[in-house]
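Trainee: A single structure is presented below for examination.
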Amino acid sequence: MEPQACDKGELEGIVNQLLIDGLVNGIQNINPNETRVLASFAKDDFITYVKTLHGSRSLNYLCRLYRNGELKGFVNEWIELWVVKWRQRVKLMFRESQEDQGMEFTDDLKLVGKREVGKMGRLIRRALIENNEICGIDAVSNYLTMQFLRELIDLYGASRVNQMIKDNDPTVLSYVVSRVNDIAKTQQPLVVLFLKIDERRQLFMY
């Protein structure tokens, strides 16, 4: 008999608290406000991680872990690796304003097509996760999607890249895996996180 389904809100609350507890245990001298900021960032990565690996069944997967008493161990193991990657991959900057650092969506990229760009992004997210790059997954994959597509367009042209992605050409997957493997070997930050302090000395990401 299938185990009883979990309440989504209750499960999210449990995961939230496990992430917070993991951060407090994993980072010395972290204050409550810093915990709140990091927990928000970690939660986004955790959701992306589970959805990338389990898709529409991600809630069922977490529910099964919870019912089997395995959720705490799963989250603790994940947050332990995430803290390592946070220290390695994230550079914090304090600024009053943030200029647009995004890569422009040019005409060549428009020719590739939104569906194909999205498909490329999913390939990159999975490749990042398979290399244990679980911190800043969305930010890093969005940037690398634009970068890798431009590199492929330079090699093959926009129309050809569109068709290659549509056809699941193994050349694309091989390219993504090879480039992500190279990036994973570096020790440089991959994410710049901009923070500001308001008049109440509260930290906010933006």
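The values are calculated or read from the model by the stated rules, or taken from the named source; none is laboratory data. Just so it is clear, the model here is predicted, and its values are computed rather than measured. As a convention, Cβ positions derive from the backbone with ideal geometry for all residues, glycine included, and neighbour counts pool all protein chains shown. Remember, those area values only see protein heavy atoms, side chains included, never the ligands or the DNA or RNA. Shrake-Rupley method; radii C 1.70, N 1.55, O 1.52, S 1.80 Å.
Trainee: Kindly list the number of the only condition in (1) of a type in the set (A, V, I, L, M); (2) at pLDDT below 95; (3) surrounded by 12 or more Cβ atoms within 10 Å (Cβ to Cβ) that fails for MET93.
Mentor: Tallying (1) of a type in the set (A, V, I, L, M); (2) at pLDDT below 95; (3) surrounded by 12 or more Cβ atoms within 10 Å (Cβ to Cβ), MET93 fails exactly one: (3).
Trainee: A further question on this structure: Looking at the range 1-60 only, could you name the residues that are among the polar types (S, T, N, Q) and either at positive phi or open to solvent by 70 Å² or more (accessible area, probe 1.4 Å) (or both)?
Mentor: Across the range 1-60, the qualifying residues are GLN4, GLN17, ASN25, GLN28, ASN29, SER56, ASN60.
Trainee: Of all residues in the range 112-128 being touching a residue at least 24 places away in the same chain (Cβ under 8 Å) and open to solvent by 10 Å² or more (accessible area, probe 1.4 Å), which is farthest from LYS51 (Cα to Cα)?
Mentor: Restricting to residues being touching a residue at least 24 places away in the same chain (Cβ under 8 Å) and open to solvent by 10 Å² or more (accessible area, probe 1.4 Å), the top hit is GLY113.
Trainee: Restricting attention to the range 143-157, which residues are open to solvent by less than 10 Å² (accessible area, probe 1.4 Å) and either touching a residue at least 40 places away in the same chain (Cβ under 8 Å) or β-branched (Val, Ile, Thr) (or both)?
Mentor: Hits for the range 143-157 are THR145, LEU149.
Trainee: For the range 187-198, does any single residue satisfy the condition of being acidic (Asp, Glu), at pLDDT below 90 and under 27 Å from GLU34 (Cα atoms)?
Mentor: Looking through the range 187-198, at least one residue is acidic (Asp, Glu), at pLDDT below 90 and under 27 Å from GLU34 (Cα atoms).
Trainee: Just wondering, is there one or more residues in the range 151-171 that are at pLDDT 95 or above, touching a Ser or Thr at 6+ places or on another chain (Cβ under 8 Å) and outside the structural domain of ALA42 (by the TED database)?
Mentor: Yes; the residues of the range 151-171 include at least one that is at pLDDT 95 or above, touching a Ser or Thr at 6+ places or on another chain (Cβ under 8 Å) and outside the structural domain of ALA42 (by the TED database).
Trainee: Could you please find all residues in the range 69-80 being touching a residue at least 40 places away in the same chain (Cβ under 8 Å) and exposed (fewer than 14 other Cβ atoms within 10 Å of the Cβ)?
Mentor: GLU80
Trainee: Next question, about the same structure. Out of curiosity, is ILE129 of a type outside the set (S, T, N, Q), in contact with a Leu (Cβ under 6 Å, 6 or more places away or on another chain) and modelled with pLDDT of 95 or more?
Mentor: no
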